[in-house]
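Here is the structure we will look at.
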Amino acid sequence: MKTIPGDCGHTFFGPFRDRLAYFYNEGRDKFFENRIQKHKSTIIKTNMPPGPLIASCPRVVCLLDAVSFPVLFDTSKVEKRDVLDGTFLPSLAYTGGHRVCAYLDPSEPKHTALKSFILSTLSARHHKFIPLFQTGLSELFNELEAQISRKKEAYFNTLSDTMSFNYVFRLFCDKSPSETRIGFKGPKLVDKWLLFQLAPLGSLGLLPNLLCYFEDILLRTFTFPFFLVKSDYKKLYDVFYEFGSSVLDEAESKFGIERDEACHNLVFLAGFNAYGGMKVLFPGLIKWVALAGQKLHKQLADEIRTTVELEGGVTVSALNKMVLTKSVVYEYLRIDPPVPFQYGKAKVDFVIQSHDAAFEIKKGEMIFGYQPFATKDPKVFENPEEFVGDRFVGEGEKLLKYVYWSNGRETEETRAGNKHCAGKDLVVLLCRVMVVELFLRYETFEVESGTFMFAPSVTFKSLTKVSS
């Protein structure tokens, strides 16, 4: 048993020092690497952004290995109440005054009803998952080709955002958003709403200079007021209330949820969880598959085209037989999980273990897990920093229990009584379909990638179409 090492510093100046290091002086990964080396431990104490004045208590116990991280899934030890965004909670005005399902702990009575409603809504639409997505991908690829033909390059993120919002809206509302009053403005409306909630956790990636201090003060002194996006949110709420009526009817009749609360949860599910996740998910997938190179591209193309021909189309059965394609998706979710942070507050005193030590966590302490360090743990994964496309093929499947991207182990099921991502299986499915459709249409492709705020930015530089 050891004392958890780490220096949180002065109540005010310590968090300020750490967030400057985290965002500007060291950078996110180096911030954690340096503290692991300094304290010779993968369990440490530190401060996490945003700190004062937004978060009154930014001190956390930080878990940076595959062994300790899963305690964040154990709701008998860890409370998940109001910790979605870490050490602070955005104003409930952003969600119509309601604590939506993502903010609830499973022990709270409303959690089971709301998550059951979400799971039921997704289940009832499972037959639409693949065909709707194929339609969206066809439109996206056509536009990619047109832009590359005109400008010799195409920025993927904007096209992906449009496709993602259209897909989510069609899935839940059986209508194209262009046929409603929001027209083609949906992605921009949601982007603004998301940014105002999550701004304290983001950065433009500025180098250490006077401008970075200005950004830090602007983003992390006070939360942005809701009234600046009130009209945008109302437009989203109104179209989901009107065109998502069948979903809301079920929430009222089957789960006893008031219609207004159900609609705010639907907007959050569609805008924050689904579309917001896809903003990061799909550019990241394209980036890593592109970087893997032409050898993997050919292997994927051969597997995908052979299986689709044998199965007579892109079906769930066909997707399940594409072992390399499945592995590539899991490898992406391992090496670069779209949501890298998990938080929870200790419900009781308990002992937690890393690979080589044990530590006591006290009731009430905030626990933070940085997922990329857990899923790139060198004591679990060989060559953890390398993208290995076939890592999870054959015997490698046993390592799936260490893939934690969905607020749970990949090998465990989502239930109404846990905090596992409700759309876990849908996310994996859509990633597979994107890879499949990509290599049914193209032999290989090249991109340039960077990072902007929370997501990878991807620009296509070339596409080599399949010869007829």
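Residues are listed down the side, and each one gets a yes or a no for (1) modelled with pLDDT of 95 or more; (2) more than 23 Å from the chain's Cα centre (by Cα); (3) on the phi > 0 side of the Ramachandran plot:
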{"site": "Gln197", "(1), (2), (3)": "yes, no, no"}
{"site": "Leu204", "(1), (2), (3)": "no, no, no"}
{"site": "Leu211", "(1), (2), (3)": "no, yes, no"}
{"site": "Lys235", "(1), (2), (3)": "yes, yes, no"}
{"site": "Gly244", "(1), (2), (3)": "yes, yes, no"}
{"site": "Glu258", "(1), (2), (3)": "yes, yes, no"}
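I'd like the full set of residues that are farther than 19 Å from Asp336 by Cβ and out of contact with any Leu (no Cβ under 7 Å at 6 or more places or on another chain), limited to the range 24-40. So that I can check it myself, show each step before the final result.
We begin by selecting, within the range 24-40, every residue farther than 19 Å from Asp336 by Cβ; these are 24-26, 34-40.
Scanning the range 24-40 gives Asn25, Glu26, Asn34, Arg35, Gln37, Lys38, His39, Lys40.
Out of all the residues in the range 121-148, which are open to solvent by 20 Å² or more (accessible area, probe 1.4 Å) and among the polar types (S, T, N, Q)?
Ser123, Gln134, Thr135, Ser138, Asn142, Gln147
List every residue pair whose Cβ atoms sit under 7 Å apart, with the two residues 6 or more apart in sequence or on different chains, where the first one lies in the range 350-379 and is without any contact (Cβ under 8 Å) to a residue 12 or more places away in the chain and the second, anywhere, is open to solvent by 10 Å² or more (accessible area, probe 1.4 Å).
Once the first residue is without any contact (Cβ under 8 Å) to a residue 12 or more places away in the chain and sits in the range 350-379, its partners that are open to solvent by 10 Å² or more (accessible area, probe 1.4 Å) give Pro378/Pro384.
Among the residues of the range 105-118, how many are open to solvent by 50 Å² or more (accessible area, probe 1.4 Å) and either under 16 Å from Val428 (Cα atoms) or of a type in the set (D, E, K, R) (or both)? Can you show your working first?
So in the range 105-118, the residues open to solvent by 50 Å² or more (accessible area, probe 1.4 Å) come out as 107, 109-110, 112.
In the following step, the residues that additionally are either under 16 Å from Val428 (Cα atoms) or of a type in the set (D, E, K, R) (or both) were identified as 110.
Within the range 105-118, residues that are open to solvent by 50 Å² or more (accessible area, probe 1.4 Å) and either under 16 Å from Val428 (Cα atoms) or of a type in the set (D, E, K, R) (or both) number 1.
Condition first: open to solvent by less than 30 Å² (accessible area, probe 1.4 Å) and more than 17 Å from the chain's Cα centre (by Cα). Now tell me which residues in the range 399-417 satisfy that.
The answer is Leu400, Ala416.
Gly14 passes all but one of (1) open to solvent by less than 10 Å² (accessible area, probe 1.4 Å); (2) part of a helix (DSSP H, G or I); (3) touching a helix residue (DSSP H, G or I) at 6+ places or on another chain (Cβ under 8 Å); which number fails?
Among (1) open to solvent by less than 10 Å² (accessible area, probe 1.4 Å); (2) part of a helix (DSSP H, G or I); (3) touching a helix residue (DSSP H, G or I) at 6+ places or on another chain (Cβ under 8 Å), Gly14 violates only (3).
Table: residues versus (1) open to solvent by 20 Å² or more (accessible area, probe 1.4 Å); (2) at pLDDT 95 or above; (3) not in a helix (DSSP H, G or I); (4) not aliphatic (A, V, I, L, M).
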position: Gly389; (1), (2), (3), (4): no, yes, yes, yes
position: Glu397; (1), (2), (3), (4): yes, yes, no, yes
position: Val427; (1), (2), (3), (4): yes, yes, no, no
position: Val436; (1), (2), (3), (4): no, yes, no, no
position: Glu446; (1), (2), (3), (4): yes, yes, yes, yes
position: Phe460; (1), (2), (3), (4): no, yes, yes, yes
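Name the residue that is most open to solvent (accessible area, probe 1.4 Å), counting only residues in the range 60-101 that are charged (D, E, K, R) and in a loop (DSSP other than H, G, I, E, B).
Within the range 60-101, the first condition is being charged (D, E, K, R), and the residues that meet it are 65, 74, 77, 79-82, 85, 99.
Next, from what is left, pick out any that are in a loop (DSSP other than H, G, I, E, B): 65, 74, 77, 80-82, 85, 99.
Details: Asp65: 2, Asp74: 50, Lys77: 68, Lys80: 10, Arg81: 102, Asp82: 39, Asp85: 9, Arg99: 55 Å².
Ranking the qualifying residues of the range 60-101, first place goes to Arg81.
Among (1) modelled with pLDDT of 95 or more; (2) under 23 Å from Pro456 (Cβ atoms), where does Val339 come up short?
That leaves (1) as the condition not met.
Where in the range 282-345 are there helices (runs of 4 or more DSSP H), lying wholly inside it, with at least 3 residues that are buried (at least 17 other Cβ atoms within 10 Å of the Cβ) and among the small types (Gly, Ala, Ser)? Even if it seems obvious, please write down each step before you answer.
Details: elements: 294-311, 316-320, 323-335.
Passing ranges: none, list empty.
Could you please let me know if Ser41 is over 27 Å from Glu215 (Cα atoms) and either surrounded by 18 or more Cβ atoms within 10 Å (Cβ to Cβ) or in contact with a Cys (Cβ under 9 Å, 6 or more places away or on another chain) (or both)? Please lay out each step first, then the result.
Values: over 27 Å from Glu215 (Cα atoms): yes; either surrounded by 18 or more Cβ atoms within 10 Å (Cβ to Cβ) or in contact with a Cys (Cβ under 9 Å, 6 or more places away or on another chain) (or both): yes.
Considered against the rule, which asks whether it is over 27 Å from Glu215 (Cα atoms) and either surrounded by 18 or more Cβ atoms within 10 Å (Cβ to Cβ) or in contact with a Cys (Cβ under 9 Å, 6 or more places away or on another chain) (or both), Ser41 comes out as yes.
Just one of Asp249, Asp238, Asp232 is without any contact (Cβ under 8 Å) to a residue 60 or more places away in the chain, of a type outside the set (Val, Ile, Thr), closer than 13 Å to Asp191 by Cα and open to solvent by 10 Å² or more (accessible area, probe 1.4 Å); which is it?
Working: Asp249 fails: closer than 13 Å to Asp191 by Cα; Asp238 fails: closer than 13 Å to Asp191 by Cα.
Result: Asp232 is the single residue among Asp249, Asp238, Asp232 that is without any contact (Cβ under 8 Å) to a residue 60 or more places away in the chain, of a type outside the set (Val, Ile, Thr), closer than 13 Å to Asp191 by Cα and open to solvent by 10 Å² or more (accessible area, probe 1.4 Å).
The values are calculated or read from the model by the stated rules, or taken from the named source; none is laboratory data. What you are looking at is a predicted structure, and each value in this text was computed from that prediction instead of being measured. Virtual Cβ from ideal backbone geometry, glycine too; neighbours counted across all protein chains shown. When the accessible area is computed, the model is the full protein with side chains, heavy atoms only, and any ligands, DNA or RNA have been set aside. Shrake-Rupley method; radii C 1.70, N 1.55, O 1.52, S 1.80 Å.
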